[in-house]
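Here's the structure, in structure tokens; my notes come after.
The values are calculated or read from the model by the stated rules, or taken from the named source; none is laboratory data. All figures in this text were calculated on a predicted structure; none of them were measured in a lab. Virtual Cβ from ideal backbone geometry, glycine too; neighbours counted across all protein chains shown.
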Amino acid sequence: MKGLIYISLLAVVVLTSVCFAAPEPAIVPGPGMWMVNATFTHPQQIVLNRSSAGKPIRFWYVILTLTNKTGQDVDFYPTCDLMTDTFQIIPAGKNVPAMVFEQIKNRHQDRYPLLESLENTGNKILQGEDNTKDIAVIWHDFDAKAGNIKLFIAGLSNETVAIDHPVAKSRRTGKPVKVYLRRTLELSYDLRSDPAMRSEADLAYKGKRWIMR
């Protein structure tokens, strides 16, 4: 009897997951859809020693290189989140002093002389390789107990989709609230480190994929 109940519950969970799974991005872009070319560095650490609290503060960053080969200038409204397997979500730029970007810019001056911060890069990506952008995306340090992190980078495409929220309903109509998802680049990393030796943390790249988020 217990086995039957367990199987029934498992079936409900699986069915629910399937019903509310997010849609996959289009394999072939539809009419009017665009996507810029994107390359990226893997996450690196940088420490701000001159903090107002008087102690070093750690940050993580990647550098995105974006080239618009769509044949038209495109709008750029990015959101970049870091999520840990301990359920911590950190938006890029939150609690990041401007001097952190200046340190990163100085560190990479030779390779990225025109490096921009995500916050000040503007809301257009002009077409052509001559208008390629190098952008620093910076996050405050995350939970030292995390064993895996994912980076979610949206704004590289205008592909969107609206789905019904699985629970929330409109008070006015009683219908499910619409949730709008954007085509998003997901980068996954395993983290090997001792929380007491944060500077020695080693990230192992696990791969990338496009999702709707």
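Quick notes on this one:
- Filtered residues of the stretch 193-207 (kept if surrounded by 11 or more Cβ atoms within 10 Å (Cβ to Cβ) and either of a type outside the set (A, V, I, L, M) or closer than 22 Å to Ile27 by Cβ (or both)): Ser193, Arg198, Tyr205, Lys206
- The selection criterion, being basic (Lys, Arg) and touching a residue at least 60 places away in the same chain (Cβ under 8 Å), holds for Lys133.
- Test set (1) touching a residue at least 40 places away in the same chain (Cβ under 8 Å); (2) assigned to a strand (DSSP E or B); (3) over 20 Å from Asp202 (Cα atoms) - Met83 fails condition number: (3)
For (1) touching a Pro at 6+ places or on another chain (Cβ under 7 Å); (2) closer than 26 Å to Asp202 by Cβ; (3) of a type in the set (Lys, Arg); (4) surrounded by fewer than 15 Cβ atoms within 10 Å (Cβ to Cβ), each residue gets a yes or a no:
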{"site": "Pro91", "(1), (2), (3), (4)": "no, yes, no, yes"}
{"site": "Asp130", "(1), (2), (3), (4)": "no, no, no, yes"}
{"site": "Asp143", "(1), (2), (3), (4)": "no, yes, no, no"}
{"site": "Asn148", "(1), (2), (3), (4)": "no, yes, no, no"}
{"site": "Val167", "(1), (2), (3), (4)": "no, no, no, yes"}
{"site": "Lys175", "(1), (2), (3), (4)": "no, no, yes, yes"}
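- Here Leu9 meets the list (1) at pLDDT 95 or above; (2) over 30 Å from Arg182 (Cβ atoms) almost entirely, failing just condition (1).
- The stretch 93-104 residues that are within 14 Å of Val137 (Cβ to Cβ), paired with ones that are modelled with pLDDT under 95 and outside any helix (DSSP H, G or I) (beta carbon under 8 Å, 6 or more apart): Val100/Leu48
Yes or no, residue by residue, for (1) under 17 Å from the mean Cα position of the chain (by Cα); (2) within 20 Å of Val96 (Cβ to Cβ); (3) of a type in the set (A, V, I, L, M); (4) modelled with pLDDT of 95 or more:
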site	(1), (2), (3), (4)
Glu129	no, no, no, yes
Ile149	yes, yes, yes, yes
Ile163	no, no, yes, no
Leu187	yes, yes, yes, yes
